[in-house]
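**Student:** First the structure, which I've put down as structure tokens, then a few questions once you've had a look.
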Amino acid sequence: MLTFEQKLAVLDSYPELERKNVSLGRVNYHFEESRHDKKTVAYHLHPNGNGFVYAGLLDGYPLDDKGLVNIRDYSEGDLRALLDATISALAAYEPAAPAPSRKKRKAQDSRWTDAEGNVLELKREEDMWYLYAGLNLDMAFETLQEAEEYLAEEGFTRAEP
């Protein structure tokens, strides 16, 4: 188990972290370059040895309801591994794209025709792409790219709206 001073020394060795002294002798460390809403990497490091590191974007750590891991009994190597993983995850975070509105989804629906005049309708429903021949379901695809590749291979081209 690292002492409070040793934990501070480890955290101070990360130039990307900014130290913030808080109440009752506790210390927080912020990562201002975080691409996630979460900026506090180390939370309430206390002179009694207790403290927390945010690991909410990581797998394999025992988290509390705020995504924090108690580092009271961590070795220097374990603490550095956790900090490295957390900082990397926060720096690389990409927020999920909002779901397209219903109106946008309808705009993505398309009509496809072949040289013989056959018509197929490609429609997005939920998280899948469905290909219809009239009212009959012909195929289902997980991605738009898969659907468009299939249609091209079968000799279909997108019809003008």
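**Student:** Considering the stretch 33-50 alone, what residues qualify as being in a loop (DSSP other than H, G, I, E, B) and within 13 Å of L82 (Cα to Cα)?
**Tutor:** Within the stretch 33-50, no residue meets the criteria.
**Student:** Considering each residue of the stretch 15-32, count those that are within 16 Å of D84 (Cβ to Cβ) and either surrounded by fewer than 17 Cβ atoms within 10 Å (Cβ to Cβ) or polar (S, T, N, Q) (or both), and give that number.
**Tutor:** 2
**Student:** Regarding E76, is this residue more than 21 Å from L8 (Cβ to Cβ), surrounded by 12 or more Cβ atoms within 10 Å (Cβ to Cβ), of a type in the set (D, E) and modelled with pLDDT of 90 or more?
**Tutor:** So E76 fails the test.
**Student:** Name every residue in the stretch 1-14 that is in a loop (DSSP other than H, G, I, E, B), surrounded by 15 or more Cβ atoms within 10 Å (Cβ to Cβ) and not hydroxyl-bearing (S, T, Y), in order of residue number.
**Tutor:** The one that is in a loop (DSSP other than H, G, I, E, B), surrounded by 15 or more Cβ atoms within 10 Å (Cβ to Cβ) and not hydroxyl-bearing (S, T, Y): L2.
**Student:** Looking only at the stretch 43-54, which residues are of a type in the set (A, V, I, L, M) and out of contact with any Gly (no Cβ under 6 Å at 6 or more places or on another chain)?
**Tutor:** Scanning the stretch 43-54 gives a single hit, V53.
The values are calculated or read from the model by the stated rules, or taken from the named source; none is laboratory data. Source: prediction; values computed, not measured. Note: ideal-geometry Cβ built from the backbone for every residue, glycine included; neighbour counts use all protein chains shown.
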